[in-house]
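The values are calculated or read from the model by the stated rules, or taken from the named source; none is laboratory data. All figures in this text were calculated on a predicted structure; none of them were measured in a lab. For neighbour counting, all protein chains shown are included, and Cβ atoms are generated from backbone atoms with ideal geometry for every residue, glycine included. Only protein heavy atoms, including side chains, enter the accessible area calculation; ligands, DNA and RNA are left aside. Shrake-Rupley method; radii C 1.70, N 1.55, O 1.52, S 1.80 Å.
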4 protein chains.
Amino acid sequence: MRNRTAERRVQLVRAAHHVFSSRGYRNTGVSDIVKEAGVSHGTFYNYFDNKRHILDEVLDTGVDFILDAVVAGDEPDDASTADELAAQFRTILTRVFDLVEREPALVQFILLDAPAIDDESLQRLLRLVRTFGATASAFLANGVRRGFLQSDLDTEVAGEGLLSLIISAILTGVRGVTPAERERVIESFVGFAMHGVR
Amino acid sequence: MRNRTAERRVQLVRAAHHVFSSRGYRNTGVSDIVKEAGVSHGTFYNYFDNKRHILDEVLDTGVDFILDAVVAGDEPDDASTADELAAQFRTILTRVFDLVEREPALVQFILLDAPAIDDESLQRLLRLVRTFGATASAFLANGVRRGFLQSDLDTEVAGEGLLSLIISAILTGVRGVTPAERERVIESFVGFAMHGVR
Amino acid sequence: MRNRTAERRVQLVRAAHHVFSSRGYRNTGVSDIVKEAGVSHGTFYNYFDNKRHILDEVLDTGVDFILDAVVAGDEPDDASTADELAAQFRTILTRVFDLVEREPALVQFILLDAPAIDDESLQRLLRLVRTFGATASAFLANGVRRGFLQSDLDTEVAGEGLLSLIISAILTGVRGVTPAERERVIESFVGFAMHGVR
Amino acid sequence: MRNRTAERRVQLVRAAHHVFSSRGYRNTGVSDIVKEAGVSHGTFYNYFDNKRHILDEVLDTGVDFILDAVVAGDEPDDASTADELAAQFRTILTRVFDLVEREPALVQFILLDAPAIDDESLQRLLRLVRTFGATASAFLANGVRRGFLQSDLDTEVAGEGLLSLIISAILTGVRGVTPAERERVIESFVGFAMHGVR
DNA sequence: AATGAATGAGTCTTCATTCAT
DNA sequence: AATGAATGAAGACTCATTCAT
């Protein structure tokens, strides 16, 4: 039983994720979710208190998926030179573009739709952003510790700077880019992150 | 007459702006707008075809307000040295924080709520973003022309990088910062923009 | 003044007639009437208590127009033989088709729209119908008196029979007919009226 | 389930029929229908997409009912003499009066209200009329074939003539008649149909 | 007499949620 | 656990009518 119900839950979350991504949360009715999942209205309410409740789970799932796809396996202390750090950043940007290409609806939903739903969802997203930012800061802190970045670098704020570039890249990707443009953005952003505009 | 109706229009747009900002577009009924404006349902529809229609006007007003507040009077070719460019960027970041402090609801509405309403509003916002990005690029292009920035700088993409820092600053501001944090973010972002993480 | 206001009234009734005929009473707003007449809402209510009120006048006008167009100048005792009666009936049918051809919207409004508006308008139309029926009966009574119709003819009910043929012709005309069809219907109906199906 | 929902549907159509007949389509709100049926607003929209949609069903039901009540079981080729044809026509007129007596609201709604609602409903009614007309023509064509009606009779147009007498009888019935008047109308119409005014 | 801005009751329709089966 | 019919509050929009100017 435990298993059956767990599967049902997953099935519903997946269905919700799917319809939310394609139509947006507000334009999606519970009836769309249950139709997609192939179950009845009543069943839905056996598993979730309300429509808002399943959103939380969809968001968590989506956020986890994005985190996995972008920072998977990268360790902040892998880099021991500035070039290696640049390479890491390049890798991340590449993964970001890959993700957007593969799952544009998901990304658009998490980034553009979800923040506007209500304060709860906004906070949930901001938490994701902060996680990302902290990760970025950790990469920089490693550089400072190892001495290949200036010691007076404000790693925390600069981490947010890096993050904002990543998000900018996502938005660029969402609106669709050619492979050439993509390379250009990646290289320019790596350059910008490492040396600024000079 | 001309005057009375023009005032009514403004009054309604202001009321709509206010309730949209505090409750969000989707959670705001026409009844909320007219209650706020102190007029009747019918009057609303004498001035706007529908709820969507007044949003356009609120958005335009808001976008204009933001553009005015942030880039007012700054000319791309005012700067003739890198330090002057940095100063310009510092000024803009300062204004951004000022704006967010004065009108947090407006900024939150335009940046977080509006993009999610529908495609039309998203496009309207993207236009704003592109305007901002182009302005940033113009500042950089001026630096390249004058020789105080590297000649191989991709001004277009780097402009988007600058812009993403500005937006990041806005988001930081939205969640509320002390004057000290604010200064720290500004300085770090100016440093990051000029020299990168190195 | 008396004159000016009388003209205004006529102007409004004409405008109302026009828009009622083309859009139907229910689908016509007071705003359509005043737009057509080129006056303001307030003015309308200076001349008519409400929308329903102007309909009465439009209906009277329309009914008079139709009566004029169809029975104008025909006197029940003009005929002194059955053939002359048949000729009269033929003339009336011809006029009916002419009227429908010239003013299809008016006819359709009076016959199809007006009866359904409310009981008052239905009664008004039924009065028209009864007037028509009585006229038809008078023609037949003349024939009985003069001896060229059977003395036991129920002129009243048979008058209604004639009338129903006229209305049938109108409906045929409303849906559009070629000149040939029109002649065929007229001749058949004259034959039917004079000799029945035999 | 199948049964429950089918019943609900019927219940709603019946309720709609009832309130449409007494108040007219335009003056009836969905709220009147659901009040009459004793269900909620939402339930209505579970069964019909909109108010217009249930009208179609009410109309179809009503039209079928009328057809059944008036032409049930009569076969065009039952008659082999003129007298038998006259008897058939008498039967139909009798049934028409019976129908109008039993269901005056229904008849009034279908004949006076429905045509004015919109073009769709007008067309639906015209189809009914044409069906009736074609039936009448078939009766006459049978007479011509069998030789008891003149061979040069225009059965099509004369059929419309018969039909118009039937409709005239309906209208007479709608305004209420005594049994004596009723007999008189029937006999006169049969006479008129068979021999004309002569 | 004319104007037209303002009114607000009334209408259709949607959809998250409940509950009897 | 599952079903899906039923609910009803809430929302957008219309339009005949009024009234201050």
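What the table shows:
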{"read-out": "Tally, over the stretch B:73-89, of residues that are out of contact with any helix residue (DSSP H, G or I) (no Cβ under 8 Å at 6 or more places or on another chain) and at pLDDT below 90", "value": "2"}
{"read-out": "Any hit, the stretch B:76-93, residues being farther than 28 Å from B:Ser188 by Cβ, more than 16 Å from DNA strand E (Cβ to nearest atom) and open to solvent by 70 Å² or more (accessible area, probe 1.4 Å)", "value": "no"}
{"read-out": "Boolean, C:Arg14 is over 23 Å from C:Asp118 (Cβ atoms), more than 14 Å from chain D (Cβ to nearest Cβ) and away from DNA strand F (no atom under 13 Å from the Cβ)", "value": "no"}
{"read-out": "Subset of the stretch D:100-111 (residues that are without any contact (Cβ under 8 Å) to a residue 60 or more places away in the chain and either within 22 Å of D:Thr178 (Cβ to Cβ) or at the interface with chain C (Cβ under 10 Å from one of its Cβ atoms) (or both))", "value": "D:Arg102, D:Glu103"}
{"read-out": "The stretch C:17-37 - residue that is within 15 Å of DNA strand E (Cβ to nearest atom) and either among the aliphatic types (A, V, I, L, M) or touching a residue at least 24 places away in the same chain (Cβ under 8 Å) (or both) and, of those, farthest from the other protein chains (Cβ to nearest Cβ)", "value": "C:Ala37"}
{"read-out": "Failed condition for B:Ser21, given (1) more than 14 Å from DNA strand F (Cβ to nearest atom); (2) open to solvent by 50 Å² or more (accessible area, probe 1.4 Å)", "value": "(2)"}
{"read-out": "Residue ID - least open to solvent (accessible area, probe 1.4 Å), chosen from residues in the stretch B:1-16 that are near DNA strand E (Cβ under 10 Å from one of its atoms) and free of Cβ contacts under 8 Å to residues at least 24 places away in the same chain", "value": "B:Glu7"}
{"read-out": "Counted residues, the stretch B:119-135 - those being touching a residue at least 24 places away in the same chain (Cβ under 8 Å), open to solvent by 40 Å² or more (accessible area, probe 1.4 Å) and either within 12 Å of chain A (Cβ to nearest Cβ) or of a type in the set (S, T, N, Q) (or both)", "value": "3"}
{"read-out": "Residues of the stretch B:148-198 that turn out to be open to solvent by less than 60 Å² (accessible area, probe 1.4 Å), part of a loop (DSSP other than H, G, I, E, B) and out of contact with any Ser or Thr (no Cβ under 9 Å at 6 or more places or on another chain), as a count", "value": "3"}
{"read-out": "Qualifying residue in the stretch C:136-155 (condition: without any contact (Cβ under 8 Å) to a residue 60 or more places away in the chain, facing another protein chain (nearest Cβ under 9 Å) and hydroxyl-bearing (Ser, Thr, Tyr))", "value": "yes"}
